Amino acid sequence: MSAKYKKELQNLGIKTLKPMQETAIKAMLSEREITLLSPTGSGKTLAFLLPLLSLINKNVAEVQVIILLPTRELALQIEEVFKKLQTGHKVTTCYGGHSMSIEKNNLKEAPKVIIGTPGRIDDHMNRNNFSWKAINTIIVDEFDKCLELGFNKEMKRIFKRLRLSKTVLTSATDLLDIPEFTGITKPIKLDYLDKNQDFNKNLSLLAVHSNDRDKLDALGNLLKEIAFEPTIVFCNRKDAIDRISDYLIDNDFTITTFHGNLEQDERERSIIKFKNGSAHILLCTDLAARGIDLDNIKNIVHYHLPHQLSIFTHRNGRTARMQKSGKAFLIFAPEENLSFEHDLEIENYFFTNETKYKEPEYRTLYISKGKKDKINKIDIVGFFYKQIELDRGELGIIDVKDFCVYVGIKASAIKKVMGRFNKQKIKGKTVKIELAR
């Protein structure tokens, strides 16, 4: 199977497919109803995207596939993977918080694949912004999460409109009850959830004991020792993040935050800063536990303890991926315990009182033009190396959005380059360049 998609895998820098992906691809090419159960970070996205190359009819100039998912971040992640495959098929992504007029314009020339959140896809259908007569395949990624977030009505309306020959539901937890609106009666169940091993063998579980019910000092002391590497701190409540954020900033930590009260551009910017090394610490709610592509995370910190085993598993799934090791720290207040049943081996963590935390190596620059201004990564690279005379190795990750670009720059080079931005142009267009907020 890997040989069949050799070109696409090369585009992704992948040599071979995993057994789960091989099995899922074969099932998608031959079966009508499929449920794919596999842990977070196991490669489900590629498992359902690759077979679409065989299922899409290039001679039909209409939408043929809809991919539904619970969050904007997951939509953008899947779009990015699909584009890297370089299939030649047009794809459009639709989600709440994105410009409806831009999406409507993108749908005028029908894409072969639409990726989106149920609410926004349902909205476009209500407005007849695209034809769904040729749609024969629907994939619902993180189906359980879509239900949990209350998208039942929207998904029911979407399914009711379609005449499907193939339905695929994926999940990182077991799907005990599949709603009738899916039309699924006898699915092929591909179960790659390990019932006998709740946690990755490459993941170490460590207990941090706070002397006080207020665990801020324990958190600060822990981060001094571990947050020289990418670290995610999970909280149960959005309202607690501001208080924790203020404490960490007051103690000279560079952090970024991610939760549901942030605007979409703020959430995107937060993840970008974390991924490009402008912040080693991501303070977030469980919104970041699933559906966000974050590689090389070394540490997970449960500042607030999870109330369910499934949440604990999803949080921990952000680290110890792809045969790499990782650590999950649980901060316990006096007399505090996990509220769910478990059989876990949790070792005590003892503070070393050695500060390893350092300021991030990169800073993030904001540029006021993007894809809609015909600016791409090559333009940005040329601008910084030729016009700004940045040295090799001083330019980091580049993220090109519709109306702006975020660029990672070595912190040591910021002073050198900031004085050279006055009245600069990229591709003949005057741009505003500043440090991202």
Has segment 307-323 got at least one residue that is in contact with a helix residue (DSSP H, G or I) (Cβ under 7 Å, 6 or more places away or on another chain), farther than 30 Å from E79 by Cα and not aliphatic (A, V, I, L, M)?
no
Residue within segment 115-127 that is among the hydroxyl-bearing types (S, T, Y), in the same structural domain as K160 (by TED's automatic domain parsing) and crowded, with 22+ Cβ neighbours inside 10 Å present
yes
Sole miss for A289 among (1) under 16 Å from the mean Cα position of the chain (by Cα); (2) over 22 Å from E336 (Cβ atoms); (3) among the aliphatic types (A, V, I, L, M) is condition (2)
Going through I188, I158 one at a time, which residue ends up being modelled with pLDDT of 95 or more, aliphatic (A, V, I, L, M) and under 14 Å from E33 (Cβ atoms)?
I188
Please count how many residues of segment 213-235 are at pLDDT 95 or above and in contact with a Pro (Cβ under 9 Å, 6 or more places away or on another chain).
1
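What do you reckon, is I292 closer than 29 Å to A411 by Cβ, outside the structural domain of A172 (by TED's automatic domain parsing) and either at pLDDT 95 or above or part of a loop (DSSP other than H, G, I, E, B) (or both)?
Considered against the rule, which asks whether it is closer than 29 Å to A411 by Cβ, outside the structural domain of A172 (by TED's automatic domain parsing) and either at pLDDT 95 or above or part of a loop (DSSP other than H, G, I, E, B) (or both), I292 comes out as yes.
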Looking only at residues in segment 285-342 that are in contact with a Pro (Cβ under 6 Å, 6 or more places away or on another chain) and of a type in the set (A, V, I, L, M, F, W, C), which one is nearest to F234 (Cα to Cα)?
F312
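So that you can scan it fast, the table gives a plain yes or no per residue for (1) on the phi > 0 side of the Ramachandran plot; (2) of a type in the set (A, V, I, L, M, F, W, C); (3) assigned to a helix (DSSP H, G or I):
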position: M155; (1), (2), (3): no, yes, yes
position: F159; (1), (2), (3): no, yes, yes
position: V168; (1), (2), (3): no, yes, no
position: L176; (1), (2), (3): no, yes, no
position: F181; (1), (2), (3): no, yes, yes
position: K189; (1), (2), (3): no, no, no
position: L193; (1), (2), (3): no, yes, no
Condition test on F329, is it farther than 26 Å from R437 by Cβ, within 23 Å of the chain's Cα centre (by Cα) and aromatic (F, W, Y)?
yes
If we only count helices (runs of 4 or more DSSP H) wholly inside segment 1-65, which ones have 3 or more residues that are surrounded by 13 or more Cβ atoms within 10 Å (Cβ to Cβ) and of a type in the set (A, V, I, L, M, F, W, C)?
19-30, 44-49, 52-55
Residue among I300, I241 that is in a helix (DSSP H, G or I), of a type outside the set (D, E) and buried (at least 17 other Cβ atoms within 10 Å of the Cβ):
I241
Can you find a residue that is on the phi > 0 side of the Ramachandran plot and either in contact with a Gly (Cβ under 7 Å, 6 or more places away or on another chain) or surrounded by 23 or more Cβ atoms within 10 Å (Cβ to Cβ) (or both) anywhere in segment 67-82?
no
If you check every pair at least six apart or on different chains, which have Cβ atoms under 9 Å apart with a residue in segment 229-250 that is under 21 Å from I272 (Cα atoms) first and a residue that is of a type in the set (D, E) and exposed (fewer than 15 other Cβ atoms within 10 Å of the Cβ) second?
P230/D295
Selected residue (criterion: nearest to T319 (Cα to Cα)) from residues of segment 244-271 that are surrounded by fewer than 20 Cβ atoms within 10 Å (Cβ to Cβ) and at pLDDT below 95:
G260
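For every residue, the table says whether it meets (1) in the same structural domain as G428 (by TED's automatic domain parsing); (2) β-branched (V, I, T).
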{"position": "F274", "(1), (2)": "no, no"}
{"position": "I300", "(1), (2)": "no, yes"}
{"position": "R318", "(1), (2)": "no, no"}
{"position": "E336", "(1), (2)": "no, no"}
{"position": "S368", "(1), (2)": "yes, no"}
{"position": "F383", "(1), (2)": "yes, no"}
{"position": "K386", "(1), (2)": "yes, no"}
On the given criteria, is H89 in contact with a strand residue (DSSP E or B) (Cβ under 9 Å, 6 or more places away or on another chain), surrounded by fewer than 18 Cβ atoms within 10 Å (Cβ to Cβ) and either modelled with pLDDT of 95 or more or within 25 Å of E8 (Cα to Cα) (or both)?
yes
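Listed here are the residues, each with its yes/no results for (1) outside the structural domain of T23 (by TED's automatic domain parsing); (2) crowded, with 19+ Cβ neighbours inside 10 Å; (3) charged (D, E, K, R).
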{"site": "K145", "(1), (2), (3)": "no, yes, yes"}
{"site": "E148", "(1), (2), (3)": "no, no, yes"}
{"site": "N152", "(1), (2), (3)": "no, no, no"}
{"site": "I158", "(1), (2), (3)": "no, yes, no"}
{"site": "R163", "(1), (2), (3)": "no, no, yes"}
{"site": "V168", "(1), (2), (3)": "no, yes, no"}
{"site": "S171", "(1), (2), (3)": "no, yes, no"}
{"site": "P179", "(1), (2), (3)": "no, no, no"}
{"site": "K186", "(1), (2), (3)": "no, no, yes"}
Going through E394, E335, E347, E434 one at a time, which residue ends up being modelled with pLDDT of 90 or more, surrounded by 11 or more Cβ atoms within 10 Å (Cβ to Cβ), charged (D, E, K, R) and more than 26 Å from R267 (Cβ to Cβ)?
E394
Considering residues of segment 133-158 that are of a type in the set (A, V, I, L, M, F, W, C) and within 18 Å of L50 (Cα to Cα) only, the residue nearest to the chain's Cα centre (by Cα):
V140
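The values are calculated or read from the model by the stated rules, or taken from the named source; none is laboratory data. The structure presented is a predicted model; accordingly, all values stated were derived computationally and were not measured. When we count neighbours, we look across all protein chains shown, and the Cβ atoms used for this are built from the backbone with ideal geometry, even at glycine.
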